[in-house]
Every structure is written in structure tokens, then in C-alpha cells.
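These notes concern the structure reproduced below.
The values are calculated or read from the model by the stated rules, or taken from the named source; none is laboratory data. The structure presented is a predicted model; accordingly, all values stated were derived computationally and were not measured. Here the Cβ is made from the backbone with ideal geometry for all residues, glycine too, and neighbour counts use every protein chain on show. Keep in mind that these areas ignore ligands, DNA and RNA; they rest on the heavy atoms of the full protein, side chains included. Shrake-Rupley method; radii C 1.70, N 1.55, O 1.52, S 1.80 Å.
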Amino acid sequence: MAAPEVSDSVVADIARREDQGGVLGRAHRALSVGIVSVVLLIAFEATAIGTVMPVAARELDGVSLYAFAFSGYFTTSLTGMVLAGQWADRRGPLAALATGIGAFAGGLVVSGTAQVMWVFILGRAVQGFGGGLVIVAVYVVVGRAYPERLRPAIMASFAAAWVVPSIVGPLASGAVAEHLGWRWVFLGIPLLVLLPLGLALPQIRRRAGGPVDRDTGTPAFDRRRIRLALTVSLGAGLVQYAAQDLRPLSLVPGILGAALLVPAVLRLLPKGTYRAARGLPSVVLLRGLSAGSFIAAESFVPLMLVTQRGLSPTLAGFSLAAGGLTWAAASWVQSRDRMAPYRERLMTFGMVLVAAAIATAPAVLVPAVPVWTVAVAWGFGCFGMGLVISSTSVLLLKLSAPSEAGANSAALQISDALSNVVLLAAAGAAFATLGSAGTTAFAAVFLPMAAVALVGAWVTTRLRTPS
């Protein structure tokens, strides 16, 4: 009887030392550097592509489809997320991550060589599928390889990985677009894939590979959930198409898309999500409201500054650069141990900041308002997002059993992406309808998104479950 007790104490001591070492301690250093490099790649792509998107849309004669270039990415990512959740829970996150990075790079090449807007959007769709695989696989790695105390810190590291791309990305991509052409921004990013692959995959294979419980074997894929994910992607695509093609006949694909979308989503997300049930359902709902409102608004900031205030793509993209610093700072704040008891209050404060930033941005449509107002407002908004996004990830993993980490992470990311699709569709429809009105069209995008963010502030009061 004594031997097992000694063995258990030794194991506990090893686990305690690994925990105390931090995310850059000897036990976790290589894995942390590897998965943060993956996030760095995604961050650089997001900031660089967002900067050159107005130029690409104009050259391909696709400004009317501008929102579709963003939502096409999120639409296909829905299927990738559900597939990755199934894949990671059953066989480990390694293969899902490697496949996702490959698809991500392939989509960039398709978009970078496109001659018409619809091919460009197709490339974004392929890229989105890969991104969906990657983000869920990374969350499963965090849930498996890091103890609960270290998870806020690794989430803060993910936010910190956005700092350099937020500053360098707009400048570099804007300069490349102006001197070499926007296509080279898309074609150059795939070269960065090799570093994350080389660093992350060996460590993931060693520390987080295989099913959670190897003794019970590998369960079969839940084909029903995968079919539901495909239905959600198809429905979201039809809704987005209807929103971009505002004619009476567009009601047909719009109604059909909604009929496919709503019941499938209700089956994929935790029960009670849409009525903000306390605990996990509200965490998932909050992720969608925060990310959707913020991304839908942010997607139109460069276009507003380029078309209404005459800024170059470089300066327009750089107006958002300070947000990377404030986002990372807020993620660091929420990762402090002493902040854990106040997490819900921090998230409420964060959502109020997000709503205020989105509502302030269209003030630059008034010529007398300095253009740097957007940069200041977005810095505060990104601070709010840093408090909220990292905290939703921490709460989700805390509320998930190890065998459910993949499925619940997929639900969190589905809420994120689906909200992006729906709110981008709404913003795109408003912009397409009022596009000739100039300033009114942009106001019709930003002010409703601020209202959605305020709803998110209310949802933060529903995160704590009764004792």
C-alpha cells in the first residue's frame, strides 16, 4: 500500500513544480513558444489583410461585396471549428492543427492570385476553414497541457502575440501594397507557416497528443454534429448572399438560409445560450456578442478612413495599431491571480468600453473631428476586448470537463464566428443600401454595433452560476 502513496506524491510534486514554473518555465517553454507562434501568424494575417482589403476590393471591382470578403472567412470557419472539436477530442489536436495551417496558407495563395472578386472570396473561404481548425485545436492544447492556474497567463500571451503584428502589420502591408501591389501581401504570408509548424507540432505530439482516455479507445466521429456544422455554414452563406444582393428575389435565399441556420445553431451551442442561461451558455453568448459587434465595426474603419477622410491604406491601417498594445495590456491585467475574484466585473467594464469605442468611431465623419480620434477610441475598445475575450476563454476551460474541451471550445468559436457572419451581413446590407449616402451609411454600421455591445454588457451579469 505504501508504494502507490509514494508514487502519487512524486507525481503531485512534479506537477506542482511544472505549475510554478510558469508558461515559460522549463516544462512549458517550447510548447508555449510554438503555439504563441501559431497565434502570431494568425494575428499578422488579420492586421495585414485588413489594411489592404480596401485596395483589393477596388481593384477587383468588388466594393459592394466588401463585407462578404470578411464574412466568407467566418462562414467556412464554422465547419472547421466543429470538425476540429470532434477531431481533437477523439484523436488529439495535432492533425487538426497541421491541416488547418495548410488550408490557411492555401487560401492566402488563392486570394492573392484572384482576378475577380468571387475567386478572392473563395480563397478567403478556404482560409477560414483552416483558421477554424487551428483556433479550436490550440484551445484544446491549452486545456490539456496547462494546469488551470497557468491558463490565464497563456491566454494573455496569445493577446501579446498581437502587439507586434498590430504595429508592424499595417505599416508593412501598406508599404507593400503601395510599392509592389496588394497581391504580395497575400502571397508573402504563407512563408511564415514554417516557423509555427516546426515549433509547435513536436511539442503538441508529446504533451497533448491522442484521445483523452486511451484506455477506452477512440470513439467515432459524431456525424450529426458535422452535418449540423455544414448546415450552419450553408445557411450563413445564403443569409450573407441575400444581404449583399438587395433585391426582392433575395428574400428567397435569405429565408432559406435562416431556416437552415437557426435550428442547426440551437443544436450546436449549449442549451440556453440564446436566453443567456447562467454559466457556460452565457459565456458562449458573450463571446459572440463581443467579437461580432467589434469585428463588424472594425472591418469598416479602414474603408471609412480611406473613402471619407482620404487617408492612405497604410495610415488607415495604422490607426488601429495602438489597439494591439491595449488589448495585450488588458489580457495581462485579467491574468493576475488577484484579479480572479473580480473577473465578471472586469468583463462588464470591458463591454462598456467596447460599446463606447464603437459609438465614438463615426465621429470622424465630421470633417472638424481629428482622424486620430479613431485611434484613441479603438485603443480603449481593444482594452475592453482584451478583458473580455481572454476571460471568456478562461471561464470556458474552467467549466469544461477534459473530454468536452474540444466540443465546448468549438461552441465558443462557433458563437464568435457566427456572430461575425450575421452582424457583418447586417452591416453589409445597411452599407449597401445607403452606400451612396456616404456618412449616413457608415453611421448605420457603427451605431447598431454599439447597441449590440451594450447587450453584451448585460450578459456579463449572467456568467456566475449560483453557489
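Do you know which residues across region 200-209 are at pLDDT below 70 and open to solvent by 20 Å² or more (accessible area, probe 1.4 Å)?
Matches in region 200-209: Arg207 only.
Please list, ordered by first then second residue, the pairs with beta carbon atoms under 7 Å, 6 or more apart or interchain, first in region 241-258 and over 22 Å from Tyr66 (Cβ atoms), second modelled with pLDDT under 75 and surrounded by fewer than 19 Cβ atoms within 10 Å (Cβ to Cβ).
none
Can Arg267 be described as open to solvent by 50 Å² or more (accessible area, probe 1.4 Å) and not hydrophobic (A, V, I, L, M, F, W, C)?
Judged against the criteria, Arg267 is a match.
Within the set of pairs 6+ apart or on separate chains, which have a first residue in region 28-43 that is in contact (Cβ under 8 Å) with a residue 24 or more places away in the chain and of a type in the set (S, T, N, Q), a second that is outside any helix (DSSP H, G or I) and open to solvent by 10 Å² or more (accessible area, probe 1.4 Å), and C-beta atoms under 7 Å apart?
Cβ pairs passing all conditions: Ser32/Val23; Ser32/Leu24.
Which of (1) assigned to a helix (DSSP H, G or I); (2) farther than 30 Å from Ile226 by Cβ does Val388 not meet, given it meets every other one?
Of everything listed in (1) assigned to a helix (DSSP H, G or I); (2) farther than 30 Å from Ile226 by Cβ, Val388 misses just condition (2).
Scan region 430-450 residue by residue and report those that are modelled with pLDDT under 85, open to solvent by less than 30 Å² (accessible area, probe 1.4 Å) and in a helix (DSSP H, G or I).
Of everything in region 430-450, those that are modelled with pLDDT under 85, open to solvent by less than 30 Å² (accessible area, probe 1.4 Å) and in a helix (DSSP H, G or I) turn out to be Ala430, Ala441.
crowded, with 23+ Cβ neighbours inside 10 Å and within 20 Å of Pro302 (Cα to Cα) - does that describe any residue in region 109-116?
yes
Take the residues in region 329-378 that are of a type in the set (S, T, N, Q) and modelled with pLDDT of 90 or more, then tell me which one is farthest from Leu285 (Cα to Cα). Show your work before the answer.
Kept after step one, since they are of a type in the set (S, T, N, Q), are these residues of region 329-378: 331, 334-335, 348, 360, 373.
From the residues that got through so far, the ones that are modelled with pLDDT of 90 or more too are 348, 360.
Working: Thr348: 14, Thr360: 24 Å.
The selected residue is Thr360.
Out of Ala316, Ala297, I need the residue that is modelled with pLDDT under 85, assigned to a helix (DSSP H, G or I) and open to solvent by less than 10 Å² (accessible area, probe 1.4 Å). Which one? Talk me through it step by step, then tell me what you get.
Numbers: Ala297 fails: modelled with pLDDT under 85.
Step by step, each of Ala316, Ala297 is checked, and only Ala316 is modelled with pLDDT under 85, assigned to a helix (DSSP H, G or I) and open to solvent by less than 10 Å² (accessible area, probe 1.4 Å).
Tally up the residues in region 372-407 that are out of contact with any Gly (no Cβ under 6 Å at 6 or more places or on another chain), among the aliphatic types (A, V, I, L, M) and open to solvent by less than 50 Å² (accessible area, probe 1.4 Å), please.
Result for region 372-407: 9.
Among the residues of region 456-467, which ones are at pLDDT 85 or above, of a type outside the set (A, V, I, L, M) and open to solvent by 10 Å² or more (accessible area, probe 1.4 Å)?
Trp458, Thr461, Arg462, listed by residue number.
If you go through region 172-183 one residue at a time, do you hit one that is under 28 Å from Val421 (Cα atoms), of a type outside the set (Ser, Thr, Tyr) and at pLDDT 80 or above?
Yes, region 172-183 contains a residue that is under 28 Å from Val421 (Cα atoms), of a type outside the set (Ser, Thr, Tyr) and at pLDDT 80 or above.
Tally up the residues in region 319-354 that are open to solvent by less than 10 Å² (accessible area, probe 1.4 Å), hydrophobic (A, V, I, L, M, F, W, C) and part of a helix (DSSP H, G or I), please.
4
Of these, Ala410, Ala453, Ala427, Ala359, which one is surrounded by fewer than 24 Cβ atoms within 10 Å (Cβ to Cβ) and of a type outside the set (Lys, Arg)?
Values: Ala410 fails: surrounded by fewer than 24 Cβ atoms within 10 Å (Cβ to Cβ); Ala453 fails: surrounded by fewer than 24 Cβ atoms within 10 Å (Cβ to Cβ); Ala427 fails: surrounded by fewer than 24 Cβ atoms within 10 Å (Cβ to Cβ).
One residue alone meets the criteria, Ala359.
Looking at Leu191, Leu180, Leu195, Leu133 in this structure, which one is touching a residue at least 24 places away in the same chain (Cβ under 8 Å) and surrounded by fewer than 21 Cβ atoms within 10 Å (Cβ to Cβ)? Please lay out each step first, then the result.
Details: Leu191 fails: touching a residue at least 24 places away in the same chain (Cβ under 8 Å); Leu180 fails: touching a residue at least 24 places away in the same chain (Cβ under 8 Å); Leu133 fails: surrounded by fewer than 21 Cβ atoms within 10 Å (Cβ to Cβ).
Only one candidate qualifies: Leu195.
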